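See structure below.
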Amino acid sequence: MTVPVSDAPPPAPPASGRGEEEAPLADRLARAITLAGPISLAQYMAAANAHYYATRDPLGAGGDFTTSPEISQMFGELIGLWCADLWDRAGRPDVAWVELGPGRGTLAADACRAMAKAGFTPPVHFVETSPVLRTAQATRAPGATWHDSVDTLPSDLPLLIVANEFFDALPVRQLVKRADGWFERLVACQDTLFLPIAGKQIPDAVVPETLRDATPGSVIETSPASVAILRSLAQRIVAQGGALLAVDYGYDGPALGDTLQAVRGHQYANPYEHPGEQDLTAHVDFGTLAAAALVERAAVAGPIGQGAFLAALGIDARAAALSKAAPGRAEQIALDKARLTREMGDLFQVLAVSAPGWPNPAGFA
């Protein structure tokens, strides 16, 4: 992924002895902070997640969390049919199908199977930097092309881009209100203990006007990395044609709230402990992403809840068909559908960004 320089991980101190380059990330971060001073929360999160995703498969019962495609094939199939429908109504042009942060490749496999049944078999492109996850993806999408960032995606044809639980893992900045103004949250280190502290004061002009008078203790999160990637992709879509579908847990902001969280072994954990050994995420500000797309003159639909979106795409009919084909799994299929549409139905939001002149995407009426 492309990350602005300000959100890049802090440089690791040079190795001074044999084997130091293999020291745990926590030790390397602690030494860097001790030598150069506290770092921004965005830098801490970027360093932790870069190491985390590069060194493991975090999904499933044996990992730390489970995503919608891993819950049920219905999710990926409906996403695939959403893409096929848009492609069909756009006149069936040559396009590239892109997934950002494709996990194990489960969504891609289900989506491509559904798209093929609709006569749509586009080339598959993955934006993924983890060698561990690339290996898993290759078994499910053997013909895929991999990219380290969005910058190298095809530039000569429309793009249909899917980003499921991608933006939530990008680094965030946090601004904290005190009695005397707003301050950026930094991460300091005492011995091997990481802790958040207040850094330099932030000019009020940086804070959205509607939130400037918040009570002391309030927190605002921003994600310059997310906005930069969204704007880059929106520029591509406007110039080349196509659409982007983003699905993530989030809200229609900007708004107040500290949503930084860590998950390890399917349990919430302290985000300032064990950097690089647990998943760090923050809720996605879909309102700000939508505004970024509009700046680039793209069309925007949503955000709406995942439950309403999947219902509009026909998840009830798909669940009924699967249950009829496999009666012994009917109860589990019903549970999976309820998890996708009820348990995750409002927490997860869906946003579409499309090129001017392209058809309105399905699911947002």
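The values are calculated or read from the model by the stated rules, or taken from the named source; none is laboratory data. Note that the structure is predicted; figures quoted are calculated from it, not measured. Here Cβ is always computed from backbone atoms with ideal geometry, including for glycine, and neighbour counts include all displayed protein chains. Surface accessibility is based on the protein's heavy atoms, side chains included, excluding ligands, DNA and RNA. Shrake-Rupley method; radii C 1.70, N 1.55, O 1.52, S 1.80 Å.
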Q: Could you pull out every one of the lysines with an alpha carbon less than 16 Å from that of residue 337, ignoring same-chain neighbours closer than 8 positions?
A: 324
Q) Quick one: with all protein chains in place, what share of the accessible area of the chain is carbon or sulfur, to the nearest percent (1.4 Å probe)? A) 53
Q. Looking only at 320, 338, 205, which one moves most when the chain is put into a Gaussian network model with springs between Cα atoms under 10 Å?
A. 205
Q: Just name one of 162, 138, 53: the one whose Cα is farthest towards the positive end of the charge dipole of the range 50-190 (beta-carbon charges, Lys/Arg +1, Asp/Glu -1).
A: 53
Q. Ignoring ligands, DNA and RNA, what accessible area per residue does the chain give at 1.4 Å, in Å²?
A. 43
Q | Relative counts (whole %) of C-alpha pair distances in the range 67-156, using bins that are 10 Å wide | A | 18, 49, 30, 3
Q) Rounded to the nearest 500 deg cm²/dmol, what is the calculated helix-only ellipticity per residue at 222 nm for the chain, with -39500 (n - 2.57) per DSSP H run of length n ≥ 4? A) -10500 deg cm²/dmol
Q) How big is the C-alpha Rg of the range 208-298 next to the rule-of-thumb value 2.2 N^0.38 Å, as a ratio? A) 1.29
Q: Can you bin the range 255-334 into rounded, prolate or oblate? Criterion: square roots of the alpha carbon gyration tensor eigenvalues sorted a ≥ b ≥ c, rounded for a/c under 1.5, prolate for a/b above b/c, oblate for the rest.
A: oblate
Q) Once you charge only the Cβ atoms, +1 for Lys and Arg and -1 for Asp and Glu, what is the size of the charge dipole of the range 80-168 about its Cα centre, to the nearest 20 debye? A) 380
**Q.** With Cα atoms, 0 to 90° folded angle of helix 106-117 axis to the chain main axis
**A.** 20
Q.
Apply the a/c threshold of 1.5 to the C-alpha gyration tensor of the range 61-210 and tell me whether it is rounded, prolate or oblate.
A. prolate
Q.
Please list, in order, the residues from the range 62-81 whose amide nitrogen is less than 11 Å from a point placed 7 Å along the Cα→Cβ vector of residue 329.
A. 72-74
Q. What's the Kirkwood radius of the chain in Å, using all Cα pairs?
A. 21.5
Q. To the nearest 20 debye, what charge dipole does the chain have about its Cα centre, counting +1 at the Cβ of each Lys and Arg and -1 at the Cβ of each Asp and Glu?
A. 580
